[in-house]
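A short write-up of the structure that comes next.
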Amino acid sequence: MAKYKSLFNVEGSIGEVTFYKGEDGYYIRSKGGVSKDRILNDPAFVRTRENNTEFAQSATSGKQLRHAITALLTDAKDNRMTSRLTQVMSRVKNADLTSARGQRKVSIGITTTDGKDAIKGFDFNSNAF
C-alpha cells in the first residue's frame, strides 16, 4: 500500500490497481485476495461463510435500530456510532446459544439476559459529556 499525491484525487479501480481515500490521505494498492466464487463454494471457506452470514445479521440489525430511532439521532451520534453499534449487535447475536454457528440471530440473542446486558447503556455519542 502506497500513499500518493497528484493533481487529481482518484478513487476506484483501474485494472489491477485500487485507489482509495483514507484518514491520512489518498492511497493506492494492488488488487488481490480470493475469488468470490471460491469463497462461496470451496469447503475450505465454510467458516468464512459462517462469519459473513453472522456479520451481515449484526449489521442489518444495527441498521434497523438506527432507522427506528433516526429522529433521536440527528444531533446525538458520532462518526463511529455505526461500527460500535454493529459490534454490540454482534455481542447480542453471540448470546444466541440455541442456534448453530453461522445461523445465530440477534432476534434470539436479545431475548437472553446476556443479550440485553450487551446493548444496555449503549452510548450513541461517545463524544458527549
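The combined condition, being closer than 30 Å to residue 8 by Cα and hydrophobic (A, V, I, L, M, F, W, C), is fulfilled by residue 28. For segment 1-55, the candidate set comprises residues that are among the β-branched types (Val, Ile, Thr) and touching a Phe, Trp or Tyr at 6+ places or on another chain (Cβ under 8 Å); within that set, the residue that is modelled with the highest pLDDT is 39.
Confirm whether residue 16 is acidic (Asp, Glu) and surrounded by 10 or more Cβ atoms within 10 Å (Cβ to Cβ).
Working: acidic (Asp, Glu): yes; surrounded by 10 or more Cβ atoms within 10 Å (Cβ to Cβ): no.
Spelling it out, it is not the case that residue 16 is acidic (Asp, Glu) and surrounded by 10 or more Cβ atoms within 10 Å (Cβ to Cβ).
Can you report the number of residues in segment 67-93 which are over 11 Å from residue 55 (Cα atoms) and surrounded by 17 or more Cβ atoms within 10 Å (Cβ to Cβ)? Count: 5.
Residue 65 meets the conditions (1) aliphatic (A, V, I, L, M); (2) in contact with a helix residue (DSSP H, G or I) (Cβ under 8 Å, 6 or more places away or on another chain); (3) outside the structural domain of residue 115 (by TED's automatic domain parsing) in every case but one. The failed one is (3).
Suppose we keep only residues that are touching an Asp or Glu at 6+ places or on another chain (Cβ under 6 Å) and not in a loop (DSSP other than H, G, I, E, B) within segment 94-129. Which one would you say is surrounded by the most Cβ atoms within 10 Å (Cβ to Cβ)? The qualifying residue surrounded by the most Cβ atoms within 10 Å (Cβ to Cβ) is 109.
Residue by residue, here is whether (1) without any contact (Cβ under 8 Å) to a residue 40 or more places away in the chain; (2) of a type outside the set (S, T, N, Q) holds:
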position	(1), (2)
44	yes, yes
60	yes, no
89	yes, yes
106	no, yes
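The set of residues from segment 23-51 being surrounded by 11 or more Cβ atoms within 10 Å (Cβ to Cβ) and among the acidic types (Asp, Glu) comprises 42, 50.
What do you reckon, is residue 71 of a type in the set (A, V, I, L, M, F, W, C) and out of contact with any Phe, Trp or Tyr (no Cβ under 8 Å at 6 or more places or on another chain)? Please lay out each step first, then the result.
On the way: of a type in the set (A, V, I, L, M, F, W, C): yes; out of contact with any Phe, Trp or Tyr (no Cβ under 8 Å at 6 or more places or on another chain): yes.
So residue 71 fits the description; yes.
Inside segment 56-101, residues that are modelled with pLDDT of 95 or more, more than 27 Å from residue 34 (Cβ to Cβ) and of a type in the set (D, E, K, R) make up a count of 2.
The values are calculated or read from the model by the stated rules, or taken from the named source; none is laboratory data. What you see is a predicted model; the values in this text were computed from it and never measured. With ideal geometry, Cβ positions are generated from the backbone for all residues, glycine too; neighbour counts draw on all protein chains shown.
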